[in-house]
Every structure is written in structure tokens, then in C-alpha cells.
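For reference, the structure discussed in these notes is given below.
The values are calculated or read from the model by the stated rules, or taken from the named source; none is laboratory data. Remember, it's a predicted structure, so these values are computed and weren't measured experimentally. Cβ atoms come from the backbone with ideal geometry, glycine included; neighbour counts cover every protein chain shown.
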Amino acid sequence: MYEIAIIGAGPAGASAALFAAKAGKKTLLIDNDKGMTRRGWYENYYGISEIGGPDLVETGHKQAVKFGAELVSEQAVKLSPSGEGFVIESESGISYEAKHVILATGVLTDLAALAGVETKDGTEPRIKTVIAVNTEGKTNIEGIWAAGTVAGVSVHAIITAGDGAKVAINIISELNGARFVDHDVLKA
């Protein structure tokens, strides 16, 4: 069983997976390769002068995998409670079990709605529906979290990446029983 499974591997999902895996949590990152980030061009992403969406997404995937996240190319079609966590069923018939699930599905709320996760009207242009979350990223179902555009934050990639990191840190803190902080320092 994975400690944390993330559905959606754009900036929010990949960032969440990077933090979770780097913290030593058994992490699954599920990507259907249909995210809107791949169609963008980014000149407003801190620390990067400019980058195309496909390269940004691939870099995020590589960072998460570098720290131990398992990346699978799947379409999640069902999310349901099971024991002390959840089962994620994929379009290909493969199932994955996880204690915590982060929905980072961009503009798509259908999987959340099928699982009984509350949604609400979106406030961003062209984002009709989002998942209802509290300030930590928790949904109405214990163990299901949401991050990024689907959680109602700005559609800007830099903001969704930060939101994914925030939600992962909150889960890691809950799993550890103490506030988690990840700071790297320059090596001499």
C-alpha cells in the first residue's frame, strides 16, 4: 500500500509527489498525459527563464522519480474506500491502494464526484467546478485531499505547484505526527 497516491502529474501533482517521495513516503504518481500544462509556454515561472509545457511536465516527473516516487501512465477511473485507505482503479484494470490520495486533476472533477467528494462552483475564468477543500487541502472525505486548479487555486502553474507542495507537506506532517519541514542547504 502506498502512503500517498497522487492522481494528476502536472505542476500540483508532481510537486506533491516530489515532496512526499523526498520525505521517504511510499508515493505513487498517476498521470494520464492529458493535462493542460503540456500546452503552455512559461516565462513567469520562478527560477526558470522560459520553458515549454512538455519540458516543464517532464522535469517535474523526473524530480519526483529521482526521490523515489513511482510514476505510472494510467487513467484513474474509480476511487473508493478500502480498509484503512483507498483503492484507485485504472482504465486498464490495474488497481492501486493508498492511505492518502491527492486529487490534482486540473479542470476535471468527475473522479472526485464519483467518489462522493464535495464540489463547488469555481471562481477562475473557464473553471466551472472545483473540489471543496479546507485551507490544508482536505476534502469532506478523510484521507482524500485536493491540490492545484481542481482545488480552486489560480490556474497559474507556479501557484498550482506551490499548492501541491503545501498539501503534501500537510499530509507528511499528519503521517509523521509533527510539522514537516524540508530545507536543503548548499553543499560546500
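Take the conditions (1) under 18 Å from His156 (Cβ atoms); (2) out of contact with any Lys or Arg (no Cβ under 9 Å at 6 or more places or on another chain); Lys78 misses just one of them, which is (1).
I need the full set of residues from region 172-188 which are out of contact with any helix residue (DSSP H, G or I) (no Cβ under 7 Å at 6 or more places or on another chain), surrounded by 10 or more Cβ atoms within 10 Å (Cβ to Cβ) and not polar (S, T, N, Q), in order please. Let's see the steps before the verdict.
First pass over region 172-188, keeping only residues out of contact with any helix residue (DSSP H, G or I) (no Cβ under 7 Å at 6 or more places or on another chain): 173-178, 181, 183-188.
Going one step further and asking which of them are surrounded by 10 or more Cβ atoms within 10 Å (Cβ to Cβ), we end up with 173-176.
Passing the criteria: Glu174, Leu175.
Report yes if some residue within region 135-144 is basic (Lys, Arg) and over 13 Å from Ala16 (Cα atoms); otherwise report no. Scanning region 135-144, I find at least one residue that is basic (Lys, Arg) and over 13 Å from Ala16 (Cα atoms), so the answer is yes.
Could you run through region 99-111 and say how many residues are more than 13 Å from the chain's Cα centre (by Cα) and not in a strand (DSSP E or B)?
Within region 99-111, the subset more than 13 Å from the chain's Cα centre (by Cα) is 99, 109-111.
In the following step, the residues that additionally are not in a strand (DSSP E or B) were identified as 109-111.
The qualifying residues number 3.
Taking region 84-107 as the range and being modelled with pLDDT of 95 or more and aliphatic (A, V, I, L, M) as the test, the residues that pass are Val87, Ile88, Ile94, Ala98, Val101, Ile102, Leu103, Ala104.
Screening Glu89 on (1) free of Cβ contacts under 8 Å to residues at least 24 places away in the same chain; (2) closer than 30 Å to Gly177 by Cα; (3) assigned to a helix (DSSP H, G or I) shows it passes everything except condition (3).
Being without any contact (Cβ under 8 Å) to a residue 40 or more places away in the chain and surrounded by fewer than 17 Cβ atoms within 10 Å (Cβ to Cβ): is that true of Ile127 here?
Details: without any contact (Cβ under 8 Å) to a residue 40 or more places away in the chain: yes; surrounded by fewer than 17 Cβ atoms within 10 Å (Cβ to Cβ): no.
So Ile127 fails the test.
Summed over region 133-144, residues that are crowded, with 17+ Cβ neighbours inside 10 Å, at negative phi and assigned to a loop (DSSP other than H, G, I, E, B) total 2.
For Lys26, state whether it is within 15 Å of the chain's Cα centre (by Cα) and basic (Lys, Arg). Reasoning before the result, please.
Values: within 15 Å of the chain's Cα centre (by Cα): yes; basic (Lys, Arg): yes.
So Lys26 fits the description; yes.
Screening Ala64 against (1) part of a loop (DSSP other than H, G, I, E, B); (2) surrounded by 21 or more Cβ atoms within 10 Å (Cβ to Cβ) leaves a single unmet condition, (1).
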